[in-house]
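Worksheet for the structure shown next.
The values are calculated or read from the model by the stated rules, or taken from the named source; none is laboratory data. The structure presented is a predicted model; accordingly, all values stated were derived computationally and were not measured. Note that we place each Cβ from the backbone using ideal geometry, even for glycine, and neighbour counts take in every protein chain shown.
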């Protein structure tokens, strides 16, 4: 089996080889008709946009819901918030992601009319963001509950309110603990963004399906798409790794010092 | 040590035997059908009325019925008393690979015969000429492709219509947004729910989807014919004997005057399971294909 990578330099109209195959990538030249490489790059941008938007939604909501789940059930309001966040997590992690995407795209806009005006990539980002937020919420809760109970007691003893003790004592430590699972969750968002093809977002998976049909070069197309997915997920991994290193407080809960590992 | 040598001897013998068998049999597909008494037919789930499911994993349609007639003819030719037909649903994405690797012996769906696909698979003589048209909502006021400027146009991923639309866009300077449905039912849903203003696809598929919708009167097929494409039955490549057998059967069906009856049955009369009427008149192009049986690819139709 030999690879014919020349397919990426062909234009998408009649399969002729374009003039500027690679230079068009860096904005140095402009093809009169887009090549498959140009289209691949555009699809990649769509994948990254959907993943980025979903991750933003997921992190904000996941942090919020995970924190709410650990509130002390001291007042009626707190009890309601715990119930709300528990329901949120159970609802969004018990339904398959593809089904959620269809619900957000086809079902909910039929009842909530303003949502119809939203482009499909926004709706799919909401679906993916909510789905992932349920998973992140559980990780945040695990991080908070991993802290010794003395921390909360000490914060209360200092006269901090519940909100203040979360803000200054609990969350700064808990979030450092959960960075490793958050890394894999962020990478998952990149990979899960492939469900967006089902609601006609022109991202990498849709590109692969359409381009391999037009060119009959399925192997080359899927290899390129696989490479870009792997590259994107790995880039997220490296970024999270940097965040983990930068935010580390020496000797604080998690130590990566080899001499301390037993 | 001795047993190893023995094993090697058997291996050599087996290889030689297989080589001899291969040399003897010209058609792998016919041999397989004869030895197993079964054949695998590739069918579509929702290509109404060409090839679709009528529920309970039963399949029917214009091409499916033609294929069943072809297989009866092949059964008689091979001297088999019975021939079991296994139906294998295929999609736009997997139909070519499945015929290529032999999972599907004969694909009776709605596949365009074009030069690109002909590199991987063979096509039987064309019995249906498809015209690519535009479906819109009846109250939209759209009557031609020029009115689609800045509108959302739906089409199905993995079909030739996408490329066609792109070419048309470029040639006429009409700029519109493409939205992709993952299958025909999905594309039609885009039109139905107002997410797209038009659905560009093969005329029979448009007619079938409209006939199947909640309110068929709400939609109409309008505008110029965007392209003419031969839709053909797909067979494995490099098996000329099987292709010849299929073509001989097709010639027999046409000579017996069955085609107008089949057209009437599938395109003009109510069809199962919901007794809908597709309502697509027999086009001169299709009539011409019956009169002059050929397996020309779509590219040859463009030049005309």
Self-check item: Residue under evaluation residue B:138, criteria (1) more than 14 Å from every other protein chain (Cβ to nearest Cβ); (2) surrounded by 17 or more Cβ atoms within 10 Å (Cβ to Cβ); (3) over 14 Å from the mean Cα position of the chain (by Cα), criterion not met
Solution: (2)
Quiz item: If we scan segment B:217-227, do we find a residue that is assigned to a loop (DSSP other than H, G, I, E, B), more than 14 Å from chain A (Cβ to nearest Cβ) and more than 18 Å from residue B:51 (Cβ to Cβ)?
Solution: no
Quiz prompt | Subset of segment A:115-147 (residues that are modelled with pLDDT under 90 and assigned to a helix (DSSP H, G or I)) | solution = A:115, A:116, A:117, A:120
Quiz item: Which of the residues that make up segment B:182-194 are within 19 Å of residue B:222 (Cβ to Cβ), surrounded by 16 or more Cβ atoms within 10 Å (Cβ to Cβ) and within 8 Å of chain A (Cβ to nearest Cβ)?
Solution: B:190
Quiz item: Does residue B:181 fit the bill of being touching a helix residue (DSSP H, G or I) at 6+ places or on another chain (Cβ under 6 Å) and not assigned by TED's automatic domain parsing to the domain that holds residue B:287?
Solution: yes
Quiz item: Among the candidates B:188, B:199, which residue alone is in contact with a strand residue (DSSP E or B) (Cβ under 7 Å, 6 or more places away or on another chain), within 30 Å of residue A:198 (Cα to Cα) and in a helix (DSSP H, G or I)?
Solution: B:188
Practice problem: Run residue B:200 past the list (1) surrounded by fewer than 24 Cβ atoms within 10 Å (Cβ to Cβ); (2) more than 13 Å from chain A (Cβ to nearest Cβ) and report the number of the one that doesn't hold. | Solution: (1)
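For (1) crowded, with 19+ Cβ neighbours inside 10 Å; (2) assigned to a helix (DSSP H, G or I); (3) more than 14 Å from chain B (Cβ to nearest Cβ), each residue gets a yes or a no:
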position: A:6; (1), (2), (3): no, yes, yes
position: A:39; (1), (2), (3): no, yes, no
position: A:45; (1), (2), (3): no, yes, yes
position: A:48; (1), (2), (3): no, yes, yes
position: A:51; (1), (2), (3): yes, yes, yes
position: A:65; (1), (2), (3): yes, yes, yes
position: A:74; (1), (2), (3): no, no, yes
position: A:102; (1), (2), (3): no, yes, no
Quiz prompt | Check on residue A:98, under 28 Å from residue B:191 (Cβ atoms) and in a helix (DSSP H, G or I) | solution = yes
Quiz item: Out of curiosity, is residue B:262 in contact (Cβ under 8 Å) with a residue 24 or more places away in the chain and within 14 Å of another protein chain (Cβ to nearest Cβ)?
Solution: no
Exercise. Kindly provide the set of residues from segment B:17-42 that are at pLDDT 95 or above and over 14 Å from residue B:78 (Cβ atoms), ordered by number.
Key: B:40, B:41, B:42
Practice problem: Look at segment B:141-163 and say how many of its residues are facing chain A (nearest Cβ under 10 Å) and closer than 17 Å to residue A:215 by Cβ. | Solution: 6
Quiz item: Out of all the residues in segment A:8-20, which are surrounded by 14 or more Cβ atoms within 10 Å (Cβ to Cβ) and within 19 Å of residue A:222 (Cα to Cα)?
Solution: A:8, A:9, A:10, A:11, A:12
Quiz item: Got a sec? Which of B:251, B:298, B:244, B:255 is touching a strand residue (DSSP E or B) at 6+ places or on another chain (Cβ under 8 Å) and either surrounded by fewer than 19 Cβ atoms within 10 Å (Cβ to Cβ) or in contact (Cβ under 8 Å) with a residue 24 or more places away in the chain (or both)?
Solution: B:298
Exercise. For segment B:269-281, name all the residues that are within 20 Å of residue B:230 (Cα to Cα) and surrounded by fewer than 15 Cβ atoms within 10 Å (Cβ to Cβ).
Key: B:279, B:281
Self-check item: Listing of helices (runs of 4 or more DSSP H) fully contained in segment A:165-246 that carry 3 or more residues being more than 15 Å from the chain's Cα centre (by Cα) and in contact (Cβ under 8 Å) with a residue 40 or more places away in the chain
Solution: A:171-177, A:204-215, A:218-246
Quiz item: Which members of segment A:195-204 meet the condition of being surrounded by 23 or more Cβ atoms within 10 Å (Cβ to Cβ) and facing chain B (nearest Cβ under 10 Å)?
Solution: A:197, A:199, A:200, A:201
Practice problem: Please specify each residue of segment B:169-180 satisfying the condition of being at the interface with chain A (Cβ under 10 Å from one of its Cβ atoms) and either crowded, with 21+ Cβ neighbours inside 10 Å or under 12 Å from residue B:200 (Cβ atoms) (or both). | Solution: B:169, B:178, B:179, B:180
